[in-house]
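None of the figures in this text is laboratory data; all of them are computed from the coordinates on show. Given the structure is predicted, the values throughout are model-derived calculations rather than measurements. Because the Cβ atoms are built from the backbone with ideal geometry, glycine has one as well, and the counts that use them run over all protein chains shown.
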Amino acid sequence: MQLIKYGIKRSKIHHIFISHLHGDHYFGLIGLITSFALLGRTDPLHVYGPAQLGQIINVQLDACHAQLPFPLHFFSLSDAGERTRLIETASFSVTSFPVEHRIPTHGFLIRAKNPRRKINPDACSQYEIPRNFYKHLQAGMDFRSESGAIISNELLTFEGNKDKTYAYCADTRYTLSFLNDVLEADVLYHESTYLDAEVDLANMRYHATARQAAELALQAGARQLVLGHYSSRYKDISLFENEARQIFPHSIASYEGMVIDI
C-alpha cells in the first residue's frame with residue numbers, strides 16, 4: 001500500500017535487504033512477495049538477510065501452497081560479524097557490515113558508480129577528435145587516428161564525478177566499530193530512537209540517540225545525516241533534528257515518503 005501511495009514501481013524492485021529479524025524490519029516481506037505473485041511478476045527477486053529468513057519465508061509459502069511465478073533467491077548474511085560484498089555490477093555495488101544490536105544485525109553501504117570520464121574540449125579540439133567518438137572517450141577508450149597514432153584517454157578527458165554512497169546503519173547502539181565502513185558517505189542514515197536525555201536507556205536497549213548519531217556522522221566525515229527509527233514516545237521529530245544539528249549541522253529528521261537527492 002505504501003509503494004502505491006508513493007508511486008514506487010514494484011517492477012523495478014529486484015533486490016531486498018533485510019538488516020535483522022525484528023518484526024518491524026521483515027514482517028511485511030511475505031505480503032510483498034505474494035503480492036508480486038498475484039500481479040504476475042516473472043523477473044527474479046533477490047533477498048538478502050539473516051540465514052533464518054529464507055526458512056521463515058519458505059514455511060509461510062509452503063503453508064499456503066503458494067506457487068510463485070518468479071524465481072526467489074535468498075542470500076544469507078553471516079552472523080560472525082563479517083563484511084561481505086553482496087552485489088557488484090558496472091553501475092552499483094552493495095556491501096554489508098555488522099552493527100551492534102540485540103541480535104545479529106547488518107548495515108548496508110550502497111555505492112552508485114560513476115565510471116564516465118569528462119570530456120576535455122580543448123584537448124579534443126587540439127587533436128581533432130570527432131564528436132561521435134566522445135561517448136567512447138567517456139567510457140575510458142583511447143583514440144586511434146587514421147594514421148594509426150594512439151592518443152591516450154588521459155590526454156583527452158578529466159576524471160568523472162566521484163561515486164555516490166548511501167550508508168544505512170540499521171538498528172544499532174552508538175559505536176565506532178563500523179566507522180571505516182561509512183567514511184565520507186554522501187548520505188548516512190543512522191537510527192535515533194531516543195533523545196540524549198535518555199542515553200542510558202538507549203545503550204541498554206542497543207539503540208542510539210540523535211546526538212550519538214550526529215557524533216558518528218561527524219567522525220565519518222559524512223556529507224549529510226538522516227535520522228529515523230524514533231520511539232513512539234516522541235510526537236515532535238523536530239526535536240531529533242535540533243539535537244543532532246548542535247553536533248552535525250547537516251542533519252535532517254526523516255519522515256515517511258521523504259525523497260532525498262544525492
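Quick one: R83, R211, fewest Cβ neighbours within 10 Å first, how do they rank? Walk me through the numbers before you get to the answer.
Working: R83 15, R211 21.
Least to most surrounded, the residues fall as R83, R211.
With each pseudo-label sitting 7 Å past Cα toward Cβ, what's the R144-V59 distance in nm, one decimal?
Here the modelled spin labels are 6.1 nm apart.
Report the extension gain between R85 and A66 in nm, rounded to one decimal, defined as 0.36 nm multiplied by the number of residues separating them, less their alpha carbon distance. Kindly include the intermediate steps, with their values, before the conclusion.
Values: separation 19, 0.36 × 19 = 6.84 nm, distance 3.13 nm.
Full extension from R85 to A66 adds 3.7 nm.
How far is helix 51-63 tilted off the main Cα axis of the chain, in degrees rounded to 10, range 0 to 90?
Its long axis makes an angle of about 70 degrees.
Mind jotting down the distance between the C-alpha centroids of region 204-228 and region 1-59, whole Å?
Each part's Cα centre sits 27 Å from the other's.
What angle do you read, to the nearest 10 degrees and between 0 and 90, between the alpha-carbon axis of helix 29-38 and the longest principal axis of the chain?
Orientation of helix 29-38: about 60 degrees from the principal axis.
Take the cross-link list K12/K135; K118/K162; K118/K164 and give me the ones stretching past 18 Å between alpha-carbons. Please report the intermediate quantities before stating the final value.
Details: K12/K135 27 Å; K118/K162 11 Å; K118/K164 16 Å.
Table pairs above 18 Å Cα-Cα are K12/K135.
Report the label-to-label distance for S177 and H14 in nanometres (one decimal), using points 7 Å from each Cα along the Cα→Cβ vector.
That separation, rounded to one decimal, is 3.3 nm.
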